Amino acid sequence: MDIGAKILRSKIPEIMTSAFLQNMLDWHVGQIARYTKMQDYYLGNHAILLREPKDATKADNKEVNNYAKYITDVLKGYFIGNPITYSEKEGTTVFNDYIQEIFEYNDEEDKNSKLVENISIFGHSYELLWNDENADPRFTEVSPIEMFGIYDPDSIEDVMIAAIRYYTVENVDTKETSVNVEYYTNDSVEKWVMKGKDSTEYTQEGEETPHTFGKVPVVEYKNNDFRTGDFEGVISLIDSYNVFSSDCTNSIEDFVSAYLALTGVEGTNAEDIAKFREMGILLIPVDGKAEYITSQLDSLNQEFNRKRLKEDIHKFSMTPDMGDDNFGGTQSGVAMKFKLFTTEQVAITKERKFKKSLQQRIELLLLNHNTTFGRKEYLDVLITFSRNIPQNIKEIIEPLVKLTGIVSKETLLSQLPFKIDVKGEMLKIDAENKKLVGDYLVEE
């Protein structure tokens, strides 16, 4: 199976047809196996669970060590555990005037968290924007299992010219299923449906519906340039760890259930064995012998291999082992950052890709609000990421205090390691200063 998600580059017809839709969907169905595998591994449905027993008389444990979920959850928490913060370029008000309210209405922090989870699992994901029945702008994440973009084949960049979302609906009364398709372009949305299992063609439902976003109202979020998931490259190591862990447990169980061999005690019968089990005592003749038949457990070699696999999983996924003693205790910010250096390289790539997609989200929202917006105004919104790591607040605050009078208060406030409404805080400081001046004048 290929590594990384694929995208579709294709021309699109001026008038949509059932045949074109079917061709596009057939292409996407060919990508589903990879997406399903990645989702299964995150949820704990690993290959070890399908292993057939070699010997029906032997132990057959199938242990899932869900490193896939661990890798995604740790990297997600490190990258976006602290919510993204937004500010504005001096002299602009586009975020406070319009975007901030939309973000709050759409629970933007939760949507971002889900998007980061999706791109970690699948390598990329999508976000759909629309206006609800009250004409309020909405956006939500959509799994690449049910949505894909169509990109301009003539562009050197990934320029989306259309997008398709499709899903199956079942009528609980008739048990009839239908495949519903939503086709998005730069200016409209079309809905198509294929009803019944015997149907072979899609039919359009109603007329195309214009939208006001000015572009395809879908944003792709990428994990990296190759659209690979965070644990995709170590699945073989996870499989090996699962096999090794399961086999170790099997060996221990088989050791406990070993056969007892009796030599020189030919007169022993079933009743004697029963008494031995009950009392734990066995009478052996002078020339007799009793011993268990087992395979020898090489515990040192087992522990070495287990540790090696574990370290390789962390190393090649660039994910820290939070159970390691090196992450315990009180450490300086510099020491912690050094230990997280490789993880930070992953986060830097995520940040660059995610920031670009967030800018596309803001651009679409501004275009939707006013067609004169969006071409450049989205760049007036400043996007700040902060890593979610234990921090020594004193280490951070002290250099900021020393910069007082050298840089603006707004800049200093934006560097604080906790979330703060910088604009609102500036207004409060201004009000407090005016009050202090007023109180001083009254005393005079």
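The values are calculated or read from the model by the stated rules, or taken from the named source; none is laboratory data. Everything numeric in this text was worked out from a predicted model, so none of it was measured. Neighbour counts run over all protein chains shown; Cβ positions are idealised from the backbone, glycine included.
Among the residues making up region 283-322, those that are part of a loop (DSSP other than H, G, I, E, B) and at pLDDT 80 or above are Met318, Thr319, Pro320, Asp321, Met322. Does region 188-207 hold any residues that are surrounded by 15 or more Cβ atoms within 10 Å (Cβ to Cβ) and either in a loop (DSSP other than H, G, I, E, B) or β-branched (Val, Ile, Thr) (or both), and which are they? Residues satisfying the conditions are Val189, Val193, Tyr202. Considering only residues in region 269-278 that are modelled with pLDDT of 65 or more and part of a helix (DSSP H, G or I), the one that is surrounded by the most Cβ atoms within 10 Å (Cβ to Cβ) turns out to be Phe276. Among the residues making up region 212-224, those that are surrounded by fewer than 20 Cβ atoms within 10 Å (Cβ to Cβ) and more than 16 Å from the chain's Cα centre (by Cα) are Thr212, Gly214. Pairs linking a residue in region 193-213 that is on the phi < 0 side of the Ramachandran plot and charged (D, E, K, R) to a residue that is surrounded by fewer than 10 Cβ atoms within 10 Å (Cβ to Cβ) and in a strand (DSSP E or B), with Cβ atoms under 8 Å and 6 or more positions apart or on different chains, do not occur. Restricting attention to region 1-20, the residues that are over 24 Å from Thr36 (Cα atoms), in a loop (DSSP other than H, G, I, E, B) and in contact (Cβ under 8 Å) with a residue 40 or more places away in the chain add up to 4.
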